[in-house]
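Report on one structure; see the data block that follows.
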Amino acid sequence: MNIVLASASPRRRELLSHFPIEFTVDPAEGPEDPPAGAGPADTVMALAAAKAAEVAARRPDALVIAADTIVELDGTILGKPADRADAVRMLRALSGREHRVYTGVAVTRAGKTLREAEMTTVFFRPMTDREIDAYIDSGEPMDKAGAYGYQGLAGLFIHKIEGDYFNVVGLPLCRLGRMLASMGVTLL
């Protein structure tokens, strides 16, 4: 079976590579336009489904896996930071607070699409301005929703999570495994 990961994320590629399946990477390139007025779960499911549909149109014989991750704080969606000032703003807002990470996953095969979302609550300890500056200087937060990556240096700031760790990294493996199983693909 031809399996395609519709993502340029090295983290998603690495997570999927832990399983004994062969897959190729063909990132979606279209705009990420969230649906107006949608909540976080509906937003990530819609964005993931759009990515899956775009790649499935190019690869109609493939099973396509797509995902989209956002961070939500007090009803505001935090995407990837636009620049350093935006990263500082996001990290200061997250400092000493809890927030939610949502990942939408879409799996498309032969015209059938499954869409689901996972939510994990993340608790940051308070961070100093010096820590925020040093973290941003590392370059790590610039391509990540909410301006941080749990699996990297930001692990120093996260004192607890409630939910799926892999969801925070960007691909909820338990949920994906169940979705793929319903499409006839087992990861073991």
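The table below lists the values:
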read-out	value
Any hit, the stretch 87-99, residues being under 24 Å from Met45 (Cα atoms), assigned to a loop (DSSP other than H, G, I, E, B) and open to solvent by less than 20 Å² (accessible area, probe 1.4 Å)	no
Condition broken by Ala57, with the remaining ones in (1) out of contact with any strand residue (DSSP E or B) (no Cβ under 8 Å at 6 or more places or on another chain); (2) under 18 Å from Val168 (Cα atoms); (3) part of a helix (DSSP H, G or I); (4) open to solvent by 30 Å² or more (accessible area, probe 1.4 Å) satisfied	(2)
Residue satisfying all of: in the stretch 1-27; open to solvent by 30 Å² or more (accessible area, probe 1.4 Å) and small (Gly, Ala, Ser); nearest to Val185 (Cα to Cα) among these	Ser17
Selection status of Thr113, hydroxyl-bearing (Ser, Thr, Tyr), modelled with pLDDT of 95 or more, touching a strand residue (DSSP E or B) at 6+ places or on another chain (Cβ under 8 Å) and open to solvent by 40 Å² or more (accessible area, probe 1.4 Å)	yes
Within the stretch 143-187, tally of residues that are closer than 24 Å to Thr113 by Cβ, of a type in the set (S, T, N, Q) and open to solvent by 20 Å² or more (accessible area, probe 1.4 Å)	2
The stretch 169-187: number of residues that are in a helix (DSSP H, G or I), modelled with pLDDT of 95 or more and touching a Phe, Trp or Tyr at 6+ places or on another chain (Cβ under 8 Å)	2
Output for the stretch 67-84, where each listed residue is open to solvent by less than 70 Å² (accessible area, probe 1.4 Å) and out of contact with any Gly (no Cβ under 7 Å at 6 or more places or on another chain)	Glu72, Leu73, Gly75, Gly79, Pro81
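The values are calculated or read from the model by the stated rules, or taken from the named source; none is laboratory data. Since the model is a prediction, treat every value here as computed from it, not as a measurement. Because the Cβ atoms are built from the backbone with ideal geometry, glycine has one as well, and the counts that use them run over all protein chains shown. The area values use the complete protein model at the heavy-atom level, side chains included, leaving out ligands, DNA and RNA. Shrake-Rupley method; radii C 1.70, N 1.55, O 1.52, S 1.80 Å.
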